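Read-outs throughout are calculated quantities, based only on the coordinates presented, and are distinct from any laboratory measurement. What you see is a predicted model, and the numbers here were worked out from it, not measured in a lab. We place every Cβ from the backbone using ideal geometry, glycine too, and count neighbours over all the protein chains shown.
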Amino acid sequence: MSINWIKITERAREGIKIINALPYDTFNTVLWYTHRQMSPSATAAAPTSTVGTSVTTTERADSIAEDTPTSSNEPEYTLEELERLVGVPRADFLLLIKTFSYILRRISTFIIKPSLLQRELREKLQLEDEAKIDAILRLWVREATPIMENLASPRYESNVVEDVAWKLHVEVSSHCQQRDKTPIGVLQLRTAAGEDISSEMTHPELLQLYNQFEQIQAELDATLAMTETAPASGAASISGSAQ
């Protein structure tokens, strides 16, 4: 059973073929380059021009150097230097970077066990090299672990929604001023800390919210079903949408 966490288009499939063709060392270099470019610290420090920009090793990357040699011992590359290292036509190189970005962006926001993510990378994305799959998995676990530890902190307990209410507002037009009557739904949430949160939405906005909840429920059901049918794994469950 496959989880609907990523959509593999024809372009993405072409990008994955390029990934499969890369030597492992080159793959790892491009993986970390893309990850650093996506991180907030790299985005804040980088100049407006991407081409020719030197990618420096962040403090966070240095802290994980023990298991990932490319994080601190790897030389700094500009985008042009990385393109020469990969050695493919420019169109293929840009597709490669976009595919890496797409995969990393999707796995960074999805809840799944490491063992199941490993299977998805192998079967759904059709990555052929187990070493490449493990490299993506290690990067994902390192990024997801502190997020889950923060979410488990007691300070987030006050954000639990304890009550939900709603009401309807309708503006009535008069003879003096003819206006369209637009019904507005008001969704009211009360948190465990006693904070009231209100949000006004039109009918299309409420419908969009409903459809999003339906999609979330479907993905949660699929994840639960896969978890119940998957063999037990010694790996810890780590949490982690955009095209």
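Below is a table of values for the structure above.
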quantity	calculated
Sites GLU80 and LEU168 - FRET efficiency at Förster radius 45 Å, r taken between beta-carbons, to 0.05	0.20
Partners for LYS167 among lysines (Cα-Cα distance below 26 Å; same-chain residues under 8 apart left out)	LYS181
Vicinal HN-Hα couplings computed from phi for the range 122-139 (Karplus, 6.51 cos²θ - 1.76 cosθ + 1.60; Hz; Gly/Pro x)	7, 8, 7, 7, 6, 6, 9, 9, 4, 5, 5, 4, 5, 5, 5, 5, 5, 4
